[in-house]
1. If you place +1 on the Cβ of every Lys and Arg and -1 on the Cβ of every Asp and Glu, how big does the dipole about the Cα centre of the chain come out, in debye to the nearest 20?
2. Calculate, in nm to one decimal, what residue 411 and residue 388 gain on full extension: separation in residues at 0.36 nm each, minus their alpha carbon distance.
3. Among DSSP beta bridges whose residues both lie in the stretch 22-228, state the antiparallel percentage, nearest 5.
4. Once both labels are modelled 7 Å past Cα along the beta-carbon direction, what's the residue 292-residue 124 spacing in nm?
5. Could you work out the equivalent-ellipsoid semi-axes for the stretch 140-217, taking the square root of 5 times each eigenvalue of the Cα gyration tensor, largest first, in whole Å?
6. By how many degrees, 0 to 90 and rounded to 10, does the Cα axis of helix 164-174 deviate from the longest principal axis of the chain?
7. Determine the dipole magnitude for the stretch 22-228: charges of +1 sit on the beta-carbon of Lys and Arg, -1 on that of Asp and Glu, nothing else is charged, the reference point is the Cα centre, and the result goes in debye to the nearest 20.
8. Counting DSSP beta bridges with both partners in the chain, what percentage is antiparallel, nearest 5?
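Just so it is clear, none of the values below were taken in a lab; they were calculated from the coordinates. Quantities reported herein were computed from a predicted structural model and do not represent experimental measurements. Cβ coordinates were reconstructed from backbone atoms using ideal geometry, including for glycine residues, and neighbour counts include every protein chain displayed.
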Amino acid sequence: MEKLVIEGGRELRGEIRISGAKNAALPLIAASLLAKGVHVLHNVPDLRDTRTILRLLESLGVSWERQDDTLRIDATDLNYSEASYELVKTMRASVLVLGPLLARLGQARVSLPGGCAIGARPIDFHILGFEQLGVTCRLENGYVDAEIDGRLQGNTVYFDLPSVTGTENLLMAATLAQGTTVIKNAAREPEIGNLVDMLTAMGAEIEGRDTDRLTIHGVEQLQAAESAVIPDRIETGTYLIAVAATGGEATLTHCNPGHLPALLEKLRATGVEISAHEQSLTIRASCDQPLRAVDIKTMPYPGYPTDLQAQFMALMTLSDQSAVVNETIFENRFMHVAELKRMGADIRVDGRTAFVTGLGRDGLTGAPVMATDLRASSSLVIAGLAAAGRTDISRIYHLERGYENLVDKLTGLGARVWKEQE
């Protein structure tokens, strides 16, 4: 097993290209199951998670080929409706094949998903939504067994809380339902808008893009289409925070600043300078300038994203005062706190709230730490880049689920970082 080694204390400077979004690529790949023919997807990141879902598609009878960041997926011979535990145990987004399989084949057997241990993330919203569309669902032996007699039936579905994957799953299924489906309190993340665009290109009739009310008029069939994955806003935010933590200066290209309104506001409040352009961001910080402490509270989009909470907490350990981090989305997303403490951080947790006492830019020191989930691992990278001395991060397979070419990108910004065998 590999670990990541960082020799910290170096300012990040230069230019970095942002990859396609993992959380957009996965539902787009799943959506290819809805129609026969060859789908073409551009800007697809090469990650552990995208490779996992492609292996899952292979097991369902789907063929694919990749050239650079372009995927060609042929779902013509889709002939199997079971997603086994062995294929989905490492990735919660695997449940996204449930809706397309039901819509296309009328049945699906999907293992309850695995992934990061950051909270329950139940699929109750998915099941309740499918039942509203006439699906019979059973939970047996760790699997969801779902089937429909005839076509899915359009209906009104209300989410008590906006669920991103729940919205995506119901959205995909409803495109081939008979009649009209209305999803109320739908999630509004940019990745859902990306999915709406692909489904529309496939012939779906959808109203309400970027709102919390989606109306889907079911059609008889869809056709293969060409689409592109949006830039990864979480990768963008992670590198912005890393540059701020090291007091550096960098330009991030091929990104969408409009997808990060809350983060940009919070970063500017710390005292760093950010210039936003149509498809790029430039951030300027300085080791001579103290970081002001800023409170954050994670919220559904367009609020502050939970996937950037751990990274911002790492930044706040370097601030000049005290900050409060309130996590409202997942109940177990402070597992990085214990590891940051190993590096000298002063953090106290009370339920879903963390109180961070800033130690200044020289407050962290390198130490052996362990990644516990995808975003927690990136917070340890940020801390390691800013800390004095060497940081060894074990279990970096979490990082490889969501960050493409991390070592090369950081090295290109002047960081001293490499992989070693543990």
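1. On the way: 41 positive and 54 negative charges, 143 e Å.
Its charge dipole is roughly 680 debye.
2. Between residue 411 and residue 388, full extension yields an extra 6.5 nm.
3. The antiparallel proportion sits near 75 percent.
4. 4.1 nm
5. Values: eigenvalues 79, 51, 30 Å².
Each semi-axis is the square root of five times an eigenvalue, giving 20, 16, 12 Å.
6. 20 degrees
7. It comes to approximately 240 debye.
8. Numbers: 57 of 79 bridges.
Antiparallel bridges make up about 70 percent of those DSSP assigns within the chain.
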